[in-house]
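**Student:** One structure, pasted below without further comment.
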Amino acid sequence: MAELPGKALAQELIGASREEASATPFSAVVAAARHGTLDEPAVVRLMGRLWTLERMFYYIYGGWGQGLEINDFPPSVKYLFSKQIVDESTHEMMYLDALLRRGAVATQKQAFEAPYGRFAVDSALAYYVFSLRNLATYPHPIRIAALNLGPKVVEFGWMEELSVATSDTELRAVFASQAVENRSHINMGRRIVEEFIGRPVDAELCRWACAVARRDYGRFLHELSDFVLDRSTAPPPMPRVQVTD
Ligand SMILES: [Fe+2]
């Protein structure tokens, strides 16, 4: 079998994301869980905020799906993407179920009204969502490289750490149960990059998109950690871009 053209690039992107995963703003939440100081309201804020993020993936993937045409990619690529959409909607429901089970809310409607369930346009969560949605205009392998070899690698890392750190069995189950699906999304991203990214120009686009997605996810993680721990720390600096026209 011929060597897959994007093999080295996939390793490069995964490597950069693993490095970022080793030190994220979320480590403060993991530490709180380890020390037993992540109390019930904090756990509810965490799951509520992640529910709010997950439900936005309907909007992101809806945009991405519009960019897929008949015969542009082998059916396997579209099958894997639809699998990812299904998995993500399972995660969304799982967070809401957990909120209901813990008695944080009595109905789904209440969750939408809680501070952790509200979608605010002026937030790092929204910024990250719009950043991903914006990738709808790029070819599918580029955006899959950005998300699946970027934020998903970082997310995989902290979810694993948190499920080890917490003694709350339900919280552990919520995160540990996502590991198989998230790992398959990362593997799927790796495979798509290996197979479909051959030209240097596409490789450069992957590097750029992956770095942007990772940066914006990092800002979300910072906002999330502050929100969960009910504190306010300085956000990571925003790169300044000079626009001339
Ligand atoms: Fe997910």
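Bear in mind these aren't lab numbers, they're just calculated from the coordinates by the rules spelled out. Just so we're clear, the structure is a prediction, and the values are computed from it rather than from any experiment. When we count neighbours, we look across all protein chains shown, and the Cβ atoms used for this are built from the backbone with ideal geometry, even at glycine.
**Student:** Which FRET efficiency value, to the nearest 0.05, is calculated for Val201 and Thr90 with the Förster distance at 51 angstrom and r the Cβ-Cβ distance?
**Tutor:** Efficiency, from the Cβ-Cβ distance: 0.90.
**Student:** While we're on this one: Please work out the Cα center distance from segment 72-137 to segment 1-67, rounded to the nearest Å.
**Tutor:** With segment 72-137 and segment 1-67 each reduced to a Cα centre, they are spaced 12 Å.
**Student:** Follow-up question, since we're still on this one. Report the net charge of residues surrounding His185, where surrounding means a beta-carbon distance below 14 angstrom and charges are Lys +1, Arg +1, Asp -1, Glu -1.
**Tutor:** Local net charge: +1.
**Student:** In which sequence would Ser22, Ser123, Ser177 go, from the one with the fewest C-beta neighbours within 10 Å to the one with the most?
**Tutor:** Arranged by neighbour count, lowest to highest, Ser22, Ser123, Ser177 become Ser22, Ser177, Ser123.
**Student:** Counting only helical runs of four or more DSSP H residues, what would the 222 nm mean residue ellipticity of the chain come to if each run contributes -39,500 (n - 2.57) and the total is spread over all its residues?
**Tutor:** -23000 deg cm²/dmol
**Student:** Mind running the shape call on segment 65-201? Use the C-alpha gyration tensor, a ≥ b ≥ c as the square roots of the eigenvalues: rounded below 1.5 for a/c, prolate if a/b tops b/c, oblate otherwise.
**Tutor:** prolate
**Student:** Determine the gain in length on full extension of the stretch Glu181-Tyr127; use 0.36 nm per residue of separation and subtract their C-alpha separation, reporting nm with one decimal.
**Tutor:** Result: 17.0 nm gained on full extension.
**Student:** Oh, and also: For each of Glu160, Glu40, count neighbouring Cβ atoms within 10 Å of the residue's Cβ, then give the residues from fewest to most.
**Tutor:** Fewest-to-most ranking of Glu160, Glu40: Glu40, Glu160.
**Student:** Quote the Stokes-Einstein diffusion coefficient, in whole µm² s⁻¹, for segment 1-68, based on the Kirkwood radius over alpha carbon pairs, a temperature of 20 °C and a viscosity of 1.002 mPa s.
**Tutor:** 136 µm²/s
**Student:** If you build the convex hull over the alpha carbons only and average its shadow over all orientations, what do you get for segment 129-186? Give it in nm² to one decimal.
**Tutor:** 4.3 nm²
**Student:** Please check which bits of segment 130-156 a label hung off Glu69 would reach, taking the label as a point 7 Å along Cα-to-C-beta and the cut-off as backbone N under 13 Å.
**Tutor:** It comes to 139-140, nothing else.
**Student:** Please work out whether the chain counts as rounded, prolate or oblate from its C-alpha gyration tensor, where a ≥ b ≥ c are the square roots of the eigenvalues and a/c under 1.5 means rounded, while otherwise a/b larger than b/c means prolate and anything else oblate?
**Tutor:** Judged from the Cα gyration tensor, the chain comes out prolate (a/c at least 1.5, a/b above b/c).
**Student:** With a point put 7 Å past each Cα toward its Cβ, work out how far Ala28 is from Gln110 in nm, to one decimal.
**Tutor:** 2.9 nm
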